[in-house]
Amino acid sequence: MRQETTLPASAWTRRPSEAAAIDLGGNRWRHLPHPDVSRAPLVFRRPLKIVPALLLLATLGACGTADSTTEADAVVPVTVAVTSVSAPTPLVPNSSIQIDGLGFADGTLTVSLEGTFVPEGGAPLAVNLVLSHDVVSPSRLRGGLDGNAISELGSSRGSFSGRLVVTKVRDGQRASDSGSLNFQLVESLTPSLDALSPDVVFFGDELQVRGTNFLIGAEGSSVLTLAGSFTLDDGGSSVDTIGKVALLATSRTEATVLVLPDLLGVSSGRFKGTASLENLHAGNANGEKSDSVNHELTLARPTFTSLSSFSISRGRSVQFTARGLLPLLSNAGTDQLTLLRLEGQLLLDDFSVVPLQGNSALLLGFELESLTYDRATFILRYDDLGAANISGQFQGTIAPVVYYNGTEQRGDPFNCNLPGESPTFCKVEIAPQTQVIFAKFLDDFPQALERFGLRNVEALVKARILDVMRRDYGGLSIEIRDTRPTDYVEYSVVEIAGVDPNHQDLFGLDNTCSGENGSCKDTGNKRFNDVIGGKNALSGEKGFPSYGGVFVDSFFQFSKKKGNPALGTETFDEIFGCCSPELGGNTVQVGEYPGGSRDAEIAEAIRVLGNILGNTIVHEVGHSLGMTAQGGADTFHNLIDKPGAIMDNGSSRPFSERAELDGTTILFRCHNRRYLEQILPKPGAPQGDCIP
């Protein structure tokens, strides 16, 4: 049983964590959970047309009256404006025309060409042609010269002169505006290649391509081919290679290529050969090819360029910037990933040395959602070092390793440049693990304080709760915070709410049970990111309470007048009678405390409420840390109850004990305190007091 209540014992489960895995050479690695291009040349641009609003004026005579037009009756004029029209030159079938302006967000829009089309070798034709279009944004449209438009023109070769018209219809009103447009239409384009740069690239870099007649968007693809030999850095062997990749063209003359392993492979080295382009027009299997040009290109090893910290601890993130990393990709025919490789030795605080050389080098996974070509986030987790509470110092090299379809490429070691050491020799402190607890006060917490008459001293009640939590977990590597951590990625959350959403008047409930291995007890605190709160659907499906947290309103059960007859005590009513309206008291007013006539009574009410809430939170957090530390996997409370023992069963913890009245001291039993000092030791801290 892990709930603070007098109800019968229950069990519950926690959602299993999600995981992703990728197979790399027989090892399974487990991990926790172009914008629209401009079209050149610019054909038309003019100032924004302003359409004046309709102004209705009712004139009243000296002795006469007139009906006024209400705001609801006013007609909002339909407006549309075209400020520029641009397109690549020349156009080919499926080219796009960009229209910038205003008023494209609502109404029914029509985009049309109006003017004259002269087919190659033919007579001029009058054109009034509706184009397909997409609304890119309220200020941008994209018109398409698709197959239907080409058929209407009667030829895929010729020239057009006229204007592009945008018409908008809304609520029976119509408005239009236009911009001039002239273009040459050709059936296909033959590309040319002038230059590729830079000469040294990493994965994820953009190779700049300059030339002529590149295809853009729906027109088709301009494909770069590199053919020649590739000399590997490792061993100097050469292999014949042919790599092909589509350009991302931003204009007829400029494009980029994202450097990926499918171009030259994953191994670093030097390419020497020829580069050429081929235009594959949409709907045509055969393309037009450029002449080949000689080219050399170096694919560099991946490398880290910076680390955010040289001190790590469990649950805390380290940010890497880099060149040439490979994000996770696992689909038909492609598997790729980057890992962190540490080679050297671990010098542990217990004076033992762990060698990490050769095949024993440590390979660690990055956070997959953070892994890009130029940055990654590493979080030290429970299993990374083989145990939860290893601390000391790593000495050696830090480097990325990329994997692509079964091939490994090690990156260059990071340059730490420590005085008196080789440039790539690094030292990283591994600090003892710290469990961060975020005390999250929910929105109904202030309302719950109204029953006690203490809403206007909410900040003081919260402060007392946090003081109790910090006192009870003092001398341990546990941090209590009331704001969400930004420096830790793994941290636990405990929610402090008003009313028990389970409708059972529970004082508190730890619902973090995952049910792994058939047990709900997290012995050793393997999970650092528990959430004591929210709904555990699996628990609810089994018929047990599913909402976790600590519930302020439930503690009114200790009232003799208004609470549970089996739990109620006159002492509760005496303490909170000063301020609780339900008990005949007067709510603490803004500015009344401190400095008022009731300071002593209000101070005691704040202290007692903070105590009963604070040590209940400590109790529920204790469950999430794996307590009680005695008995088997299904033992959650102390086997023998003793006065003041935090992890006793809830029914054995009366109000006077929780409130810490009459000199009562709240402590962990010694077996629990020593367990906490083992899993979350604080360097230099003495053993804490405990109840035998």
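The values are calculated or read from the model by the stated rules, or taken from the named source; none is laboratory data. Quantities reported herein were computed from a predicted structural model and do not represent experimental measurements. When we count neighbours, we look across all protein chains shown, and the Cβ atoms used for this are built from the backbone with ideal geometry, even at glycine. The accessibility values were calculated without ligands, DNA or RNA, using every heavy atom of the protein model including side chains. Shrake-Rupley method; radii C 1.70, N 1.55, O 1.52, S 1.80 Å.
List of remarks:
- Dipole-positive endmost among GLY474, VAL499, THR587 within the chain (Cβ charges, Cα centre): GLY474
- For SER290, net neighbour charge (Lys/Arg +1, Asp/Glu -1) across residues whose Cβ lies under 11 Å away: -3
- Helical mean residue ellipticity (222 nm; -39500 (n - 2.57) per DSSP H run of 4+; nearest 500) of the chain: -3500 deg cm²/dmol
- Per residue, the convex hull spanned by the alpha carbons of the stretch 203-270 comes to 83 Å³.
- 3J(HN,Hα) from dihedral phi, the stretch 488-501, Karplus parametrisation 6.51/-1.76/1.60, rounded to Hz, x for glycine, proline: 10, 9, 9, 7, 9, 10, 10, 9, 10, 10, x, 9, 5, x
- What you get for the stretch 313-396, charging only the Cβ of Lys and Arg (+1) and of Asp and Glu (-1), is a dipole of about 180 debye around the Cα centre.
- For SER84, the residues whose modelled amide H falls within less than 5 Å of its own, excluding neighbours fewer than 5 places apart on the same chain, are ASP100.
- Pairs from LYS244/LYS272; LYS427/LYS526; LYS521/LYS682; LYS244/LYS289 whose Cα-Cα separation, in the structure shown, is over 19 Å: LYS427/LYS526; LYS521/LYS682
- Value of Rg/Rh across the chain [Cα atoms, Kirkwood radius]: 1.13
- Accessible area of the chain divided out per residue, in Å², using a probe of 1.4 angstrom: 45
- Relative contact order of the stretch 550-645, defined on C-alpha pairs under 8 angstrom at six or more residues apart (%): 15
- The Cβ shell under 13 Å around GLY358 holds other residues with a net charge of +1, Lys and Arg each +1, Asp and Glu each -1.
- Above 15 Å, the calculated P(r) of the stretch 392-472 contains 75 percent of its Cα-Cα pairs.
- Long-range HN-HN contacts of ASP444 with modeled amide H, under 5 Å: GLY498
- Aspartates and glutamates whose Cα lies under 12 Å from that of LYS561, excluding same-chain neighbours fewer than 8 positions away: GLU570, ASP573, GLU574, GLU582
- Shown in residue order for the stretch 119-131 are the 3J(HN,Hα) couplings computed by the Karplus curve 6.51 cos²θ - 1.76 cosθ + 1.60 at θ = phi - 60°: x, 4, x, x, 8, x, 10, 6, 10, 9, 10, 7, 9 Hz (x for Gly and Pro).
- Cα-derived Rg to Rh of the stretch 280-426, Kirkwood definition: 1.12
- Phi-based couplings in Hz for the stretch 166-178 (Karplus 6.51, -1.76, 1.60; Gly and Pro marked x): 10, 10, 10, 10, 8, 6, x, 9, 10, 8, 8, 8, 8
- Within the accessible area of the chain (1.4 Å probe), percent carbon and sulfur: 50
- Two-site label geometry, GLN173 and THR89: point separation in nm, points 7 Å out along Cα→Cβ: 3.8
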